[in-house]
1. How well do other chains shield peptide A:171-180, expressed as the mean number of their Cβ atoms within 10 Å of each residue Cβ?
2. Taking the Cα centre of each part, how many Å lie between segment A:19-64 and segment B:129-201?
3. Any of A:152/B:190; A:55/B:22; A:152/B:138; A:190/B:152 with alpha carbons more than 22 Å apart? Name them for me.
4. Mind checking the angle between helix B:55-73 and chain B's longest principal axis? C-alpha axes, 0 to 90 degrees, to the nearest 10.
5. Taking every residue in B:43-53, how many Cβ atoms of other protein chains lie within 10 Å of its Cβ, on average?
6. With each pseudo-label sitting 7 Å past Cα toward Cβ, what's the residue A:73-residue A:26 distance in nm, one decimal?
7. Scan around residue B:193 for amide H atoms under 5 Å from its own, H built in the peptide plane at 1.01 Å from N, and keep only partners 5 or more places away or cross-chain.
8. Give me a comma-separated list of calculated 3J(HN,Hα) values for segment B:98-107, in order, Karplus coefficients 6.51, -1.76, 1.60 applied at θ = phi - 60°, integers in Hz, x for any Gly or Pro.
There are 2 protein chains.
Amino acid sequence: MARTAGSHSDITGPRVRAAALKLFARQGFAAVSMREIAREVGVQAGALYNYTADKQSLLFDLMQSHLDSLLAAFEDDPTAAPEARLRQFVQFHIRFHHDRPDAVFIAYMELRNLTPENFARIEALRRRYEDRLETILKAGVAEGSFAVTDTKIATMAVIAMLTGVSTWFRSAGRLSLDEVQEQYWQMVRKAVSAPAIHHVS
Amino acid sequence: MARTAGSHSDITGPRVRAAALKLFARQGFAAVSMREIAREVGVQAGALYNYTADKQSLLFDLMQSHLDSLLAAFEDDPTAAPEARLRQFVQFHIRFHHDRPDAVFIAYMELRNLTPENFARIEALRRRYEDRLETILKAGVAEGSFAVTDTKIATMAVIAMLTGVSTWFRSAGRLSLDEVQEQYWQMVRKAVSAPAIHHVS
DNA sequence: GTCTATATTTTGATAGAC
DNA sequence: GTCTATCAAAATATAGAC
């Protein structure tokens, strides 16, 4: 049935966000028109402005929601061993990003299209997440189980490596996500670990 | 002095490419208009079409040139030890990408904006580069100095890690590029190396 | 809350003068 | 080889009817 003037739907707001997420991820923010988003939702373009002030706010809200849920979802246990905490981070990061490919893509590709004010707010959230990892690396260095010259560099290196999974991993491929998680964990573990001390018997 | 009709310049072609490179990297392909490129060059929009068939060709040419020079610049010595070859790759990749931030950015961010045919050609070039690294990893696994479960995964992990340098490294920062190269090399080396065999004396 | 209609800009690309 | 002028299409956002 065709949608007509006066129709209502309490879930149009979320559907606008879902349509924008999908289209921004697929074509890029600048290449998507408000009319395309409206068509995906099933309304006319003018109706979108009941749910967003403008196109920029739509982008910002999607990024902010993504980073908010990223920060909320990662659970770290400061009393656990650094190696166990790092393993948890690696597995969490891969899994969380794998479950939200569109949001991840937008969060990394559309930073340029944020206004300076919105960019600063998103970057602050991203830094908070990076700090969670760096805290773990610092703990490992402090107790001697990790050996990295600079924890900030190691943080960026690990996150870049893990996030890169989304550029090539496909569920239909030859490897399961569990296998991928395990292999990345082994590489990360070796990359940051101190050489074991071998006692001569 | 204002440019007038009939002015000539034999280097307008390269300047069009340079302007497009800069603007595409800064704002994204879809957000840059032909008029903006023309303004950056100092000509009118119509004049651009003496140097490119259309906007898409401009993007494709920039990506292809970048990957061609990447492939031409990396020198690998198949007779050297795998660890030495890998070290050379790591240092080369970081340096080469650091020297061309705009081209790197475009090559990774604008794949969506290529036509399917152009996308396939660019992806083929990228895969050739990845294969250069995988060849090194396979050699190391074959001789026992490297221990990675899957060389394809390790290839993607290493390249993602190294390319990520461009997202945070600034020459004016507290670290020199030499220091960054050395620390990434240590992490990559440890990540792929087989544990040393410790002889009991 | 959604529609239709529209204002105002801007876009990629082309034609023809010089 | 570059200019000016222009076409046809598409963009964001708003106004007002229902």
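What follows is calculated from the coordinates using simple rules that are stated; it is not laboratory data. Quick caveat: nothing in here was measured; it's all calculated off a predicted structure. Every residue, glycine among them, receives a Cβ derived from its backbone with ideal geometry; neighbour counts consider all protein chains shown.
1. Values: counts 0, 0, 0, 2, 4, 0, 0, 0, 3, 4.
Neighbouring Cβ atoms belonging to other protein chains average 1 per residue here.
2. Spelled out, the Cα-based centre of one part sits 40 Å from the other.
3. Details: A:152/B:190 18 Å; A:55/B:22 25 Å; A:152/B:138 30 Å; A:190/B:152 18 Å.
Long pairs (Cα-Cα over 22 Å): A:55/B:22; A:152/B:138.
4. Rounded to the nearest ten degrees, it is 30.
5. Numbers: counts 0, 0, 0, 0, 0, 0, 0, 0, 0, 0, 0.
Counting other chains' Cβ atoms within 10 Å and averaging over B:43-53 gives 0.
6. Each label point lies 7 Å from its Cα, and together they span 2.2 nm.
7. Hits under the 5 Å cutoff: B:147.
8. Running phi through 6.51 cos²θ - 1.76 cosθ + 1.60 with θ = phi - 60° gives 4, 6, 9, x, 5, 5, 5, 4, 5, 4 Hz.
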